[in-house]
Amino acid sequence: MVIGTGHGLSVDLSVDLWIVLLAGFLLASLVAVLLGRSRLRTLELRNSAHALELLGHFGGQLASATSLSEVGDVVHAFGPRALGARSAELATVETGARVTSNVLTPARITATSRLAQPLAAVWQSQEDTYTTGPRSAWRRPSVNQRRTGATAAGDTAAGDTTAGDTAAGDTTATAILILRRSTGDPIGVIGWEWQRRQRFGSRERAMLRAVTDLAQQAVARAREQETRRFTAAALSSLAQRLSAARSFDEIAAGVVTLAPAASGAHYVAIGYFDEADTSIRLIHSAMVPDSDASTSEMFIDVPLAAREQFISLLREGRQVEFRSSSDIDRYPDLRRLVGFAVDRLSMFPLIDSSGVLSGVLVFVYVKAPPHGVWNEPGRMITIAGLTAQTVERAQLYQRQNDLVIELQRRTLPDLPTIPGLSVAARYLPSSSALGLGGDWYDVQTVADGRTALVIGDVVGHGIEAIADMTEIRTTVSTLMRTNPDLSNSVAQSSSLLSPADVESVLFATAVLLLIDADRHGMVYVRAGHPPPLLLRPDGEVVLLDLAGTTPIGIEGPAATEARVDLPSGSILVAYTDGLLERRGESIDVGIGRLTAALRSCSSGGIDDADAIVDLLVERCLAGWTTEDDAAVVVVVVE
């Protein structure tokens with residue numbers, strides 16, 4: 001019994017011990033599993049926090065980028081760390097005020113970039129691509145790969161390459177995604193490359209999409225800032241150009257050249273009403289493609305009768321907009337005028353300060369995207385306002401310039417016909433706001449049969465300068481006609497013109513010349529005036545800088561006449577300083593320019609006085625805005 005009992009007790013105790021041990025093992029295993037899961041969860045949380053930290057750092061760097069180049073640099077430098085990749089590259093569509101076709105240009109891509117070819121391929125396909133395996137597998141991904149990211153057949157075997165192959169970089173993974181605007185239009189591509197194979201599951205793709213969203217926001221923001229900077233610079237250039245414009249042609253040239261970049265339009269045209277108010281002369285930057293009009297024409301005359309419905313709105317100061325091709329198609333005449341490629345138009349009235357419609361500004365868009373400048377009409381309004389002010393100023397200047405020409409026509413005498421001499425003269429008013437100057441010339445025959453020539457310049461501008469010029473010219477011409485002794489002419493003129501009031505003194509520079517055509521000679525005196533030029537028959541140009549004295553109106557010693565021979569074929573040029581002077585240049589540079597132009601007449605065989613004076617004016621003043629009026633007289637000795 002005891003033994004049995006003892007034996008039975010021993011057996012019972014052994015079973016209980018095994019149960020206790022098994023329970024302890026199971027408990028320890030459970031604890032180990034829970035600890036493992038906890039550590040894994042902690043690791044996952046830590047990795048997620050680190051990934052979010054890297055993503056936040058990447059986003060912060062992108063937020064500070066202000067240009068596409070800077071965005072590309074951020075993607076290249078910080079993009080790989082955000083996703084644990086080996087490299088990252090960004091390429092965008094060409095930017096600018098004018099929307100171009102899909103031209104892929106690198107924002108941050110080098111010629112040796114491994115992603116250059118895949119980026120270009122994805123841009124052509126316009127589909128996101130996820131690939132893994134050797135390069136031979138992802139250079140031309142299948143349609144299924146591009147859409148789903150599934151591994152192509154054979155990639156598993158290729159992925160199980162030796163360590164040496166992997167170290168050489170033969171096995172890799174790529175992810176390339178399209179960057180789009182909020183409207184869905186593509187603006188670029190971004191790509192990552194990994195040295196090891198990747199599993200592009202939902203979580204990985206979500207992370208890629210998040211990083212891509214950050215990049216496309218930065219690209220869109222940088223593109224907008226660059227466009228704003230570009231258009232702001234173009235608008236500034238247009239404003240400067242218009243501020244210097246003095247004629248309708250100059251205004252039109254500035255608008256059609258610079259307004260497209262400043263507004264974002266493909267073409268900008270400006271129209272002026274004719275005097276009868278029956279048509280608009282529409283001057284355009286270039287002919288619109290598919291237009292019925294000839295591309296060689298600079299303008300189109302548009303009758304107002306067929307456009308009265310538009311003109312009435314413009315006269316009220318309202319702009320007229322055609323936001324789509326269907327809007328333009330409603331008016332067949334307008335469609336024929338602009339061509340079939342144009343799908344947007346905006347017409348702005350040019351209203352002067354009195355409320356009168358003086359012209360129209362037309363912004364033309366060819367195949368314009370829906371996200372164009374139409375969301376920012378302020379630029380077009382600004383351009384229209386600047387143009388309207390300039391047109392009104394040009395109208396005022398034109399009226400003043402016509403007054404100047406008429407005054408000068410009435411005050412400057414007609415040139416006489418002189419045997420043995422061919423004479424031509426030009427007067428050019430200044431391009432300043434008033435343009436009224438005191439330059440003059442006078443050619444007459446004196447008592448002894450010689451020809452008296454005077455050219456001078458009264459100090460000052462305006463109506464008073466015209467009056468002073470008339471008085472001085474009459475005094476000098478009368479003295480030369482009655483007493484052709486140039487040595488006393490200047491002093492006598494100053495004495496006769498001397499006023500009782502010191503503040504009313506008349507002051508002018510002049511050159512006085514007496515030409516004897518029969519004896520082929522000449523005498524002259526310079527009263528503070530630039531020296532005339534003489535082109536001899538042998539091609540030599542002589543500067544007639546002798547016989548100087550004080551200007552008319554200033555007391556000084558009597559002058560000594562200088563004598564010059566004038567053989568047949570000689571060309572004499574007398575002028576005022578407005579023909580020579582340019583801001584920032586010395587007068588010697590202007591004399592050199594005039595000398596070269598005169599010498600070219602000899603080499604070119606030009607001997608007609610009118611042709612010579614026109615050539616000199618063109619060479620000396622062409623393309624230059626003069627701030628002083630100018631007079632020039634050419635005498636050819638026959």
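A quick yes/no check of all residues on (1) modelled with pLDDT of 90 or more; (2) under 15 Å from the mean Cα position of the chain (by Cα); (3) over 30 Å from THR131 (Cβ atoms):
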position: ARG203; (1), (2), (3): no, no, no
position: ALA206; (1), (2), (3): no, no, no
position: GLN216; (1), (2), (3): no, no, no
position: ALA222; (1), (2), (3): no, no, no
position: GLN225; (1), (2), (3): no, no, yes
position: LEU235; (1), (2), (3): no, yes, yes
position: ARG246; (1), (2), (3): no, no, yes
position: ALA253; (1), (2), (3): no, yes, yes
Identify, please: which residue in segment 196-218 is part of a loop (DSSP other than H, G, I, E, B) and either charged (D, E, K, R) or open to solvent by less than 50 Å² (accessible area, probe 1.4 Å) (or both) and is, among those, farthest from ARG86 (Cα to Cα)? GLY201
Taking the conditions exactly as written (modelled with pLDDT under 90, closer than 21 Å to LEU453 by Cα and open to solvent by 60 Å² or more (accessible area, probe 1.4 Å)), does ASP607 satisfy them or not? yes
Within segment 612-632, is there a residue that is open to solvent by less than 50 Å² (accessible area, probe 1.4 Å), farther than 29 Å from SER494 by Cβ and in contact with a Phe, Trp or Tyr (Cβ under 9 Å, 6 or more places away or on another chain)? yes
Quickly run through segment 476-490 and pick out the residues that are closer than 30 Å to SER430 by Cα and either surrounded by fewer than 19 Cβ atoms within 10 Å (Cβ to Cβ) or of a type in the set (A, V, I, L, M) (or both). VAL476, THR478, LEU479, MET480, VAL490
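Listed here are the residues, each with its yes/no results for (1) open to solvent by less than 40 Å² (accessible area, probe 1.4 Å); (2) in a strand (DSSP E or B); (3) within 20 Å of ALA630 (Cβ to Cβ).
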| position | (1), (2), (3) |
| --- | --- |
| THR509 | yes, yes, yes |
| ILE515 | yes, yes, no |
| GLY539 | yes, no, no |
| ASP545 | no, no, yes |
| PRO557 | no, no, no |
| THR560 | no, no, no |
| PRO567 | no, no, no |
| ALA574 | yes, yes, yes |
| GLY578 | yes, no, yes |
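Conditions tested, residue by residue: (1) outside any helix (DSSP H, G or I); (2) at pLDDT 80 or above; (3) charged (D, E, K, R).
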position	(1), (2), (3)
ALA51	no, no, no
THR66	yes, yes, no
GLU70	no, yes, yes
PRO80	no, yes, no
GLU89	yes, yes, yes
THR95	yes, no, no
Within segment 517-533, work out how many residues are part of a strand (DSSP E or B) and not aromatic (Phe, Trp, Tyr). 8
Scanning segment 240-260 for residues that are surrounded by fewer than 17 Cβ atoms within 10 Å (Cβ to Cβ) and not acidic (Asp, Glu) gives GLN240, SER243, ALA244, SER247, THR257
Hits in segment 340-357 (condition: farther than 20 Å from PHE273 by Cβ, open to solvent by less than 30 Å² (accessible area, probe 1.4 Å) and touching an Asp or Glu at 6+ places or on another chain (Cβ under 7 Å)): ALA341
State all residues of segment 580-593 that are open to solvent by less than 10 Å² (accessible area, probe 1.4 Å) and in contact with a strand residue (DSSP E or B) (Cβ under 8 Å, 6 or more places away or on another chain); if no residue qualifies, say none. none
Residue check: is THR100 open to solvent by 20 Å² or more (accessible area, probe 1.4 Å), modelled with pLDDT of 50 or more and within 22 Å of GLN225 (Cβ to Cβ)? no
Please work out which residue is modelled with the lowest pLDDT, limiting yourself to segment 302-339 and to residues that are part of a loop (DSSP other than H, G, I, E, B) and open to solvent by 60 Å² or more (accessible area, probe 1.4 Å). GLU316
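The values are calculated or read from the model by the stated rules, or taken from the named source; none is laboratory data. What you are looking at is a predicted structure, and each value in this text was computed from that prediction instead of being measured. Positions of Cβ are backbone-derived with ideal geometry, glycine not excepted, and every protein chain shown enters the neighbour counts. Heads up: the accessible areas ignore ligands, DNA and RNA and are worked out on the full protein's heavy atoms, side chains in. Shrake-Rupley method; radii C 1.70, N 1.55, O 1.52, S 1.80 Å.
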